[in-house]
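What follows draws every value from the coordinates through simple rules; no lab data is involved. The model shown is predicted, which means the values in this text are computed figures rather than measured ones. Note: ideal-geometry Cβ built from the backbone for every residue, glycine included; neighbour counts use all protein chains shown.
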Amino acid sequence: MNLPNDQPREACGVCGIYAPGEQAARLAFFALYALQHRGQESAGIVTGDGGTAHVHKGLGLVSQVFNEENLQHLRGDWAIGHNRYSTTGGSRLRNAQPYLIETALGPLGVAHNGNLTNAPALRRDLLQRGVGLISSSDSEVITQMLAGAPGPTWEERIVALMQQAEGAYSLVILTREAVYAVRDPWGFRPLCLGKLNGQGWVVASESCALATIGAGFLREVEPGEVIRLGPEGLASWTGSNNHARRALCIFEYIYFARPDSLLEGRSVHRVRRELGARLYRQHPVDGDMVIGVPDSATSHAIGYSNASGIPFGEGLIKNRYIGRTFIQPDDRLRRLGVALKFNPLPDVQGKRIVVVDDSIVRGNTSGPLVALLRQAGATEVHMRVASPPLRYPCFMGVDMATQEELIAARMDVGAIARHLKVDSLDYLPVEALLETVGQGNTAYCCACFSGEYPLPTEHRAGKGIFES
């Protein structure tokens, strides 16, 4: 769908399962269902039965890619799964994951959440060594690097990969003997571990996937850690500690993670409510109703309402399915733009509305939303944003926008307010954001606000850099 979108887009969701005596593919299906918010372009599952690996993947949502018939063919006790939103490589079937190839050590399946900042150099090296690549994704680069890495065991090859790969990678890897989980030493993207039915294990991007399949949350996979899940149980070791600074993407708290997930032992919903309350204390305003831009800003809006005493209400209803069709609107419907996704409620008529959003990227949704509220009879529209202005693109696994597209890179706050036609506009400062999240400036990647990237980036050409 070519509809307006003013949100950063996540890279992917991944899961890995070892479930002896169960159909691991079915568990992976429901885990991916819980992680659907992290990527809607494609989905895939690879399973292993100790000898043969099986794969099924396709473009679309989890429910569109899988059915009872193709799940039956995915036999085995261990599985890895992937939901994709593209950050390197376009939305094409050849870029769908997991990748599955045959190697000297047997089948190798890989699913990746993140983005390698040195992918161009690694890709050039593979091509110069005569390795054929069929996709334009850095995830295939990871797969081929693992296949050709030195060492007689997968454990040694994974460590060798981690010595070369730079940037964001949370990986799930399937081999003939086990499932591995790998997290980069910066910890850019989340990954957690759970226990399943006494003898099984699960890793997933978020804890909500564990709860969905009845697994108990144990802990997060540590930055630089490698975990092995298989018949011998669980094993863990440090694959790389070449960077002491942690840099979890702070947008996991602001927008990406599901509200019912846990991050660093904390409820995402509770942190977002606290961000909304801090937003009010930083930038109070009089109003008659606080509304959140559905659904991602609801928790922030509740926090703003509780702190201000202004009643929380539903001012906008979102059509949650319009962005999930491949049918393109005609020119007349396309001109309606945001109205295809949001409808205002009559409750806003005659009221001063405080609109709380999690972020503003391009501004191409916020302005039309303000217009919809005014057309519905709102007398004033004030906008409050529970994150700082986005001024720099992300190279660590988030499809945010080019710097030229970011409205805050081109305009100051006053100019943005005039552009959106709001009565007032304010953002949460970086210092207030970090104090509220509570782990200090060294714990998070805030490069999209400050331009201070945790590590050098070799390419800044966007996700189509390898498309030819």
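Segment 111-168 to segment 203-241: how many Å between their Cα centroids?
22 Å
Report the convex hull volume per residue for the chain, counting only C-alpha atoms, in Å³. All intermediate terms of the calculation are to be shown ahead of the outcome.
Working: hull volume 64.3 nm³, N = 468.
In the chain, the Cα hull volume divided by residue count equals 137 Å³.
Take each of the peptides 56-63, 198-205, average the number of other beta-carbon atoms within 10 Å over its residues, and list them starting from the highest.
Top of the packing list down: 198-205, 56-63.
Once the mean 1/r over all distinct Cα pairs of segment 12-256 is inverted, what Kirkwood radius in angstroms do you read off? It would help to have the intermediate numbers written out before the result.
Details: mean 1/r = 0.0575 Å⁻¹.
The Cα-based Kirkwood calculation yields 17.4 Å.
Treat every Asp and Glu Cβ in segment 12-256 as -1 and every Lys and Arg Cβ as +1, leave all other atoms uncharged, and give the resulting dipole magnitude about the Cα centre to the nearest 20 debye. Don't skip to the answer; put the middle values down first.
On the way: 19 positive and 21 negative charges, 85 e Å.
Rounded to the nearest 20 debye, it is 400 debye.
Under the 0.36 nm per residue contour assumption, what length would be gained going from the current alpha-carbon distance of residue 435 and residue 128 to full extension? Intermediate results must be reported in sequence, preceding the final value.
On the way: separation 307, 0.36 × 307 = 110.52 nm, distance 4.76 nm.
Result for the pair: 105.8 nm of gain on full extension.
What number, in nm² with one decimal, is the all-direction average of the projected area of the convex hull of the alpha-carbon atoms of segment 173-285?
The Cα convex hull of segment 173-285, projected and averaged over all directions, gives 8.3 nm².
In 5 Å bins starting at zero, report the fraction of Cα pairs in segment 267-438 per bin as a rounded %.
In order of increasing distance, the bins hold 1, 9, 17, 20, 21, 17, 10, 4, 1, 0 percent.
Work out the charge dipole of the chain with +1 on the Cβ of Lys and Arg and -1 on the Cβ of Asp and Glu about the Cα centre, then indicate which of 127, 261, 407 is farthest towards its positive end.
Value computed over the given set: 407.
Using alpha carbons only, what's the Rg to Rh ratio of segment 342-448 with Rh from Kirkwood?
So for segment 342-448, dividing Rg by the Kirkwood Rh gives 1.02.
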